[in-house]
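Each remark here refers to the structure printed beneath this line.
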Amino acid sequence: MVNLGKSAKSPDYHPRPPANNRHPIAKFPQLVPTNLPLDMVIYSCHCEGTVVADARLYADAVLADVHAALSARRPHIAMRLFEQILASGQAPDSIPLTQWITSSIGREGLSGLALAYATGSCSYCTRGRRECSPCDGTGRGENGIVCRACLGMRREPCETCRGTGLSGYGKCPDDLRSLVLSYRLCIAASGAARLVPEDGASPPELTVEACLHRIANLNKLAGVLDSAAVELAGQQARGLISPARLERVKQRIGKTYDTLDAAIRVTLKRAVELSSLAVGDQSPDVLFYSWLARSSRFEGTALHRNSAARLASRSTI
């Protein structure tokens, strides 16, 4: 069984198989892994005097440990082990990758691995945001006016992950990208259900800062949809998605983005109300948030999500 502690982080880590008959190489009574690269691993076993040299069996063994890491809620270790298999070239090429995973560790294992990739963190930011460079993290631009880039929040969305805090689709194996896309759409939809006020209800925030915090969280979900729209276009260009599924996913992205867009505008209006009470109707802050709530696609600001917005416009036709 994989040791989920320090040994799993070692560059020379090679998991030893658990002692049960369910393991793909448990039929061999004695297994001694070497420190060679995965594609050169040789297992010695005293089984009728033979020596087994089969890197594919080792790949199956590592896949079993992928499942163990997922069961232990260590998705980052599961991904690292799985990427070790892919880098070695030992994954079977005669059947689809998803079929091999399912046959080895079941549908639950396949779903867990896809979810691990779907929730993997971006390496270039902290939770999708970085210090705003246009205003140097002050939240204010020239003459003390609210910074258009960060909306006064002092942190702007990460350009690499589009403010989602999630790793890019490029880090995901091609055969899993469709599943990862589906999981991320679920993340956006469930997040929207938590954050979007009920029909006709006003956001409960009592300060402008709290409104901006809600907007940042809504915008993070919009970023998930925006990156999904870009990934979907890529899958379409490569012929990796059927026309029927393409249409369904486009509609799903568009409808969820419409919901988030409406919630952002309602929260901006709440920020206008609160700011008006504090500094007056004609203050620069009030005028800025009022303009932003009326703008078509939040152009030139951190809220601009062009790819998802196009699908949203299309879904309403």
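Within the set of pairs 6 or more residues apart or between chains, which connect a residue that is in the same structural domain as S182 (by TED's automatic domain parsing) inside region 235-248 to a residue that is not in a helix (DSSP H, G or I) with Cβ atoms less than 7 Å apart?
Q235/I241
Only one of L113, L151 is closer than 18 Å to L179 by Cα, crowded, with 17+ Cβ neighbours inside 10 Å and touching a helix residue (DSSP H, G or I) at 6+ places or on another chain (Cβ under 7 Å). Can you tell me which?
L113
Can you pull out the residues in region 108-155 that are closer than 30 Å to L97 by Cβ and not in a loop (DSSP other than H, G, I, E, B)?
Matches in region 108-155: E108, G109, L110, S111, G112, L113, A114, L115, A116, Y117, A118, S121.
Would you pick out the residues in region 101-122 that are farther than 20 Å from G191 by Cα and touching a Pro at 6+ places or on another chain (Cβ under 8 Å)?
Across region 101-122, the qualifying residue is only S104.
For region 67-90, name all the residues that are in a loop (DSSP other than H, G, I, E, B) and either touching a strand residue (DSSP E or B) at 6+ places or on another chain (Cβ under 8 Å) or over 17 Å from S103 (Cα atoms) (or both).
Across region 67-90, the qualifying residues are A72, R73, R74, G89.
The values are calculated or read from the model by the stated rules, or taken from the named source; none is laboratory data. Values in this document were obtained by computation on a predicted structure and should not be read as measured data. Please note: Cβ atoms are built from the backbone with ideal geometry, for glycine as well, and neighbour counts cover all protein chains shown.
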